[in-house]
Amino acid sequence: MNRSKCSSCGLVNSTADEKCRRCGASLVDQPAPESGESNSDGVKPKRGIVRRLIWILGTTLILLFAWYLSLLASSNRLGYDRQKTVDHAVMVLDQKGFGKEAFVLKHLVAYRDTDNWWNRYVGHRDAYAATNFPFEIITLYPEFFEKTVDDNERAAILLHEACHLFGSGEDSALERVWREKQKLDWTEAKYGPISEAWNSTRRLTMNRLPELFNCGTEGQSDCFQ
């Protein structure tokens with residue numbers, strides 16, 4: 001039922017009333033309520049919803065920032081020598097035409113050489129690196145430095161992690177690297193006979209994405225060789 005609020009004394013009257021039942025003031029042609037006041041039904045404007053959404057967004061950002069700081073605090077940053085190794089691999093990516101990925105890897109990523117509390121909690125398979133999305137944190141394990149052949153190979157691993165930084169899943173990251181391996185000059189002819197990283201990547205990619213290996217006359221060859 002619609003009601004009319006008296007602008008003089010504030011009493012809410014029926015819309016059939018022409019005069020306020022309390023003070024007798026005319027209810028006809030009285031000024032509309034200003035913004036921020038209640039409407040004729042006594043209901044507050046929807047401005048409060050916007051404030052509530054802003055509060056929720058602000059709280060979420062604060063929690064995410066606190067989570068990010070906890071990940072950094074519970075892990076160790078890379079030493080100088082290892083950071084220089086990463087810089088060289090990122091430079092290879094930039095030179096090979098992966099400018100967007102190189103920019104993110106160079107300027108926006110926090111590199112660590114030990115697992116943070118979240119990585120320890122969820123665990124991970126044997127890997128050269130792990131990425132915490134959307135916090136742009138990459139953990140590089142000893143294998144990244146000790147079991148890779150050169151900067152080209154480390155660049156391929158970082159390209160895989162860059163895919164995760166942009167929100168891609170494991171299969172998408174594997175496919176991207178496998179499709180781009182020729183551009184990276186990370187080929188079977190050069191690395192197949194000597195690289196554990198190349199061969200383990202091939203096995204993993206073949207297991208998860210067998211459709212990338214159904215080319216050739218017998219349908220069993222690498223489609224991006």
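The values are calculated or read from the model by the stated rules, or taken from the named source; none is laboratory data. Since the structure is predicted, the reported quantities are computational estimates derived from the model, not experimental observations. Here the Cβ is made from the backbone with ideal geometry for all residues, glycine too, and neighbour counts use every protein chain on show.
Things worth noting here:
- Residue check, Tyr80 exposed (fewer than 10 other Cβ atoms within 10 Å of the Cβ), among the aromatic types (Phe, Trp, Tyr) and either within 30 Å of Leu158 (Cβ to Cβ) or at pLDDT below 95 (or both): yes
- Filter result for Glu180 (exposed (fewer than 13 other Cβ atoms within 10 Å of the Cβ) and assigned by TED's automatic domain parsing to the domain that holds Leu108): no
- Residue within the stretch 154-162 that is of a type in the set (D, E, K, R), surrounded by 14 or more Cβ atoms within 10 Å (Cβ to Cβ) and either free of Cβ contacts under 8 Å to residues at least 60 places away in the same chain or assigned by TED's automatic domain parsing to the domain that holds Leu93 (or both) present: yes
- Which listed residue, of Thr85, Thr139, is assigned by TED's automatic domain parsing to the domain that holds His164, at pLDDT 95 or above, surrounded by 12 or more Cβ atoms within 10 Å (Cβ to Cβ) and closer than 26 Å to Gly192 by Cβ: Thr85
- Residue that is nearest to Asp81 (Cα to Cα), among those in the stretch 107-128 that are over 17 Å from the mean Cα position of the chain (by Cα) and surrounded by 19 or more Cβ atoms within 10 Å (Cβ to Cβ): Arg112
- Pairs, first within 12 Å of Tyr128 (Cβ to Cβ) in the stretch 190-203, second surrounded by 11 or more Cβ atoms within 10 Å (Cβ to Cβ) and polar (S, T, N, Q), C-beta under 8 Å, six or more apart: Ser195/Thr148; Ala197/Thr148
- Residues located in the stretch 38-68, provided they are touching a strand residue (DSSP E or B) at 6+ places or on another chain (Cβ under 9 Å) and modelled with pLDDT under 80: Ser38, Asn39, Ser40, Asp41, Gly42
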